[in-house]
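All remarks here apply to the structure that follows.
The values are calculated or read from the model by the stated rules, or taken from the named source; none is laboratory data. As the structure is a prediction and not an experimental result, all values here were calculated from the model. Note: ideal-geometry Cβ built from the backbone for every residue, glycine included; neighbour counts use all protein chains shown. Note: accessible area is taken over every heavy atom of the protein model, side chains too, but ligands, DNA and RNA are not part of it. Shrake-Rupley method; radii C 1.70, N 1.55, O 1.52, S 1.80 Å.
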Amino acid sequence: MNILHLDSSARKDESISRKLAKDLVNNLKKDNDQVTYRDISSNIPFIAGIKGAGFIIPEEERNEEDKKLFKFSDELVDELLAADTIVISTPIYNFGPPAAAKAWFDMVARAGRTFAYEPTGPKGLIEGNKKVYLIVSSGGVPIDSPVDFCTPWFKQALNFLGITDIKVIDASQLNKSDENLKKAQQEVNSL
Ligand SMILES: Cc1cc2nc3c(=O)[nH]c(=O)nc-3n(C[C@H](O)[C@H](O)[C@H](O)COP(=O)(O)O)c2cc1C
């Protein structure tokens, strides 16, 4: 099994979502499993500045900057396609996902590689039984409440690519009490 582990909190050692994801990966990992780790909280370029229609620039028309962007995007897409299990940790920042997590998604949403435009509309191209564990931390916003635009966004974004088996681990409202954190830790320990 290949496990892809993605962290997106801007905090490092103090991050609760990172700690839960680390524990989860340790629990899921069996002897022969391969873990690919990527910190997506930084070093993911924004697609701003790319000419034309994003990632559909024909190969012969790509300038040096485009080529670099395509190469990096291919690397991220390859990691995603190779994974059987994907562990994503994310805090809620200003009601949504961190901008860095959105930047990562902008890199992996690739027409022709992860989704296709069909006559009936777009279709996710990621097949197989990929399982996603989405660990969501927040200060006050409850998961799936009307002001949580992070969890539904991740679900929609992943569904768009064809990934539908998503288990949310709720580490929200941490400023209020440690109740959800305890439950999340128990859930992680049970997996
Ligand atoms: C820039 C920023 C924006 C935040 N916005 C929200 C928010 O809109 N709603 C919320 O409940 N918590 C918000 N928080 C709190 C974090 O979601 C919370 O501290 C979470 O535990 C951070 O995850 P981490 O421990 O993995 O770093 C915000 C934190 C930061 C740094």
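So if I check each of 72, 55, 46, which one is at pLDDT below 90, under 21 Å from residue 101 (Cα atoms) and out of contact with any strand residue (DSSP E or B) (no Cβ under 9 Å at 6 or more places or on another chain)? Spell out the reasoning first.
Working: 72 fails: at pLDDT below 90; 55 fails: out of contact with any strand residue (DSSP E or B) (no Cβ under 9 Å at 6 or more places or on another chain).
Criteria check complete, one pass: 46.
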Residue set 85, 120; condition among the hydroxyl-bearing types (Ser, Thr, Tyr), surrounded by fewer than 19 Cβ atoms within 10 Å (Cβ to Cβ) and away from the ligand (no atom under 16 Å from the Cβ); output residue 120
Within segment 147-160, how many residues turn out to be more than 14 Å from residue 135 (Cα to Cα), open to solvent by 60 Å² or more (accessible area, probe 1.4 Å) and more than 16 Å from the ligand (Cβ to nearest atom)? 3
Could you tell me whether any residue of segment 9-17 is among the basic types (Lys, Arg) and within 25 Å of residue 148 (Cβ to Cβ)? yes
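Select from segment 90-112 the residues that are assigned to a loop (DSSP other than H, G, I, E, B) and not hydrophobic (A, V, I, L, M, F, W, C) and write down the one among them that is farthest from residue 174 (Cα to Cα).
Here is the first cut: in segment 90-112, the ones assigned to a loop (DSSP other than H, G, I, E, B) are 92, 94-95, 97-98, 109-110, 112.
So of that shortlist, the ones also not hydrophobic (A, V, I, L, M, F, W, C) come out as 94, 97-98, 110, 112.
Values: 94: 15, 97: 17, 98: 17, 110: 35, 112: 40 Å.
Checked segment 90-112; the qualifying residue farthest from residue 174 (Cα to Cα) is 112.
Within the bounds of segment 113-132, is there any residue that is outside any loop (DSSP other than H, G, I, E, B) and closer than 30 Å to residue 13 by Cα? Break it down stepwise before answering.
Keep residues of segment 113-132 that are outside any loop (DSSP other than H, G, I, E, B), which gives 115-118, 121-124, 131-132.
Checking the rest, the ones that are also closer than 30 Å to residue 13 by Cα come to 131-132.
Yes, segment 113-132 contains at least one residue that is outside any loop (DSSP other than H, G, I, E, B) and closer than 30 Å to residue 13 by Cα.
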When you check residue 163 against the structure, is it within 15 Å of the ligand (Cβ to nearest atom) and buried (at least 18 other Cβ atoms within 10 Å of the Cβ), yes or no? no
Kindly provide the set of residues from segment 70-104 that are over 24 Å from residue 136 (Cα atoms) and in contact with a helix residue (DSSP H, G or I) (Cβ under 8 Å, 6 or more places away or on another chain), ordered by number. 70, 72, 73
